[in-house]
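Asks: After the structure tokens below, expect a handful of questions from me.
Every number here is computed from the coordinates shown, using simple stated rules; none is lab data. These numbers come from a predicted model, not from an experiment. Cβ sites come from the backbone with ideal geometry, for glycine too, and all protein chains shown count toward neighbours.
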Amino acid sequence: MPTQSPDNVHYVFLDLSSRSSFSDTPDTSTMESFSSNRIALKCDTVTISTAKNIMSFPTPAIGIATGESVSLGLDLGMSTKSIALAGIITEQNITKQFSANDLPQSEVDPTDSSNTYTDSDGKRCTVFMTAQEVSQLIHSYVDSSFMQPNQNLNKLNILIPSRVGPNWTYHDETASGETITVGSKTSVEDAPLVPFNYGVRDKGASELDAKFSLPISSFPKPINTAVNITEGVAGFVRSFDTTLVGGQPFVEFNMQFEIAFASL
């Protein structure tokens, strides 16, 4: 069902920049493919902030004549966008994908069903990490730069329920072309999921919301859980804070993600 998250548990995912370097075909239906070079987060709160940067100039003398002062705003089309995440990190499967034969395949018995490698050519491995080591993993990744694609966390996927599609009618298909039926009576729980972004509805006979503009992001169609298609927001992790409590199986975290078209 397109209304469910890919693993029925997580709705927020951090992507590594190396994720876009590998083709997910022909095994797009596998959970390993969806989770490759991606970390899932359990968020209690997601705070999205959009701050408009408009320069304001008080206009002299108008208040003398009218009894009401006036300021003029100069809109240069600039905004600062950020997302604050708070929640917990739990033990989870982490799947890493590299180039073929990068992993030390000679150290793994291919006949052992419990080995971590999920590809015969030694390019993808899946391991079950504790919450504490997932926390350490993210800290080490945040500490890297864009020059390390296997460490650089540069995209955030937040899945939200949606009824209305990119042409201001109710959704009728997923991102992969699967036909679905959504209407005004579709409950939030049954509504399909789309990745949050800043795209506007611009499909149909006219440009709709995108009139007089050249949109950078397209308004997303619902995800299809059987196909690995997501379009999150690009940017970088500004800060990542964790709290380790003795005897606690999970790790509390706070994260600041700043949206940016590209980070160099």
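Asks: Between R238 and N93, what's the calculated FRET efficiency when r is the beta-carbon distance and R0 is 25 Å? Round to 0.05.
Replies: Details: r = 27 Å, r/R0 = 1.08.
In this case the efficiency is close to 0.40.
Asks: Let me ask something else about it. Please report, in cubic angstrom per residue, the volume enclosed by the convex hull of the alpha-carbon atoms of segment 124-264. Display every interim value, and only then the final one.
Replies: Numbers: hull volume 22.5 nm³, N = 141.
Convex hull volume per residue, Cα atoms: 160 Å³.
Asks: Compare the Cα positions of T130, Q151, S113 along the charge dipole of segment 87-167 (+1 at Cβ of Lys, Arg; -1 at Cβ of Asp, Glu; about the Cα centre) and return the one farthest towards the positive end.
Replies: Positive-most Cα among the choices belongs to Q151.
Asks: Once you've got the Cα coordinates, tell me which of K42/K96; K155/K221; K185/K221; K185/K211; K42/K155 are over 22 Å apart.
Replies: Numbers: K42/K96 20 Å; K155/K221 18 Å; K185/K221 19 Å; K185/K211 30 Å; K42/K155 16 Å.
From K42/K96; K155/K221; K185/K221; K185/K211; K42/K155, over 22 Å: K185/K211.
Asks: Now for a different question. How many times 2.2 N^0.38 Å is the alpha carbon radius of gyration of segment 76-142? Intermediate values should be presented prior to the final figure.
Replies: Values: Rg = 17.5 Å, N = 67, 2.2 N^0.38 = 10.9 Å.
Compared with the compact-globule rule of thumb, segment 76-142 sits at 1.61.
Asks: Shifting gears a bit: Show that you can apply the helix-only estimate: for the chain, add -39,500 (n - 2.57) for every DSSP H stretch of four or more residues, divide by all residues, and state [θ] at 222 nm to the nearest 500. Write out the running numbers ahead of the final one.
Replies: Values: 3 runs with 22 residues, N = 264.
Helix contribution divided over all residues of the chain: -2000 deg cm²/dmol.
Asks: Could the peptides 192-198, 252-258, 47-53 be put in order, highest first, of the mean number of other beta-carbon atoms found within 10 Å of their residues? Intermediate results must be reported in sequence, preceding the final value.
Replies: Values: 192-198: 21.9, 252-258: 19.1, 47-53: 11.4.
So the order, starting with the most tightly packed, is 192-198, 252-258, 47-53.
Asks: Next question, about the same structure. Between A260 and K185, take the C-beta separation as r, use R0 = 30 Å, and let me know the FRET efficiency to the nearest 0.05.
Replies: Working: r = 39 Å, r/R0 = 1.30.
About 0.15, to the nearest 0.05.
Asks: Using the C-alpha gyration tensor of segment 142-210, what are the square roots of 5 times its eigenvalues, in whole angstrom, with the largest one first? It would help to have the intermediate numbers written out before the result.
Replies: Values: eigenvalues 189, 53, 23 Å².
Semi-axes from the Cα gyration tensor: 31, 16, 11 Å.
Asks: While we're here: Viscosity 1.002 mPa s, temperature 20 °C: what is the translational diffusion coefficient of the chain from Stokes-Einstein with a Kirkwood Rh over Cα pairs, rounded to a whole number of µm²/s? Walk me through the intermediate numbers first.
Replies: Working: Rh = 21.0 Å.
This corresponds to a translational diffusion coefficient of 102 µm²/s.
Asks: State the extension gain, in nm to one decimal, for the chain segment bounded by N115 and Q136, taking 0.36 nm per residue of separation less the distance between their alpha-carbons.
Replies: Working it through step by step, the gained length comes to 5.3 nm.
Asks: Here's a follow-up. Where does the Debye-calculated log10 I(q)/I(0) of segment 45-172 sit at q = 0.10 Å⁻¹, using only Cα point scatterers of equal weight, no solvent?
Replies: Per q value, in the given order, log10 I(q)/I(0) is -0.66.
Asks: Where does helix 131-142 land angle-wise versus the long Cα axis of the chain, in degrees 0 to 90, nearest 10?
Replies: 60 degrees
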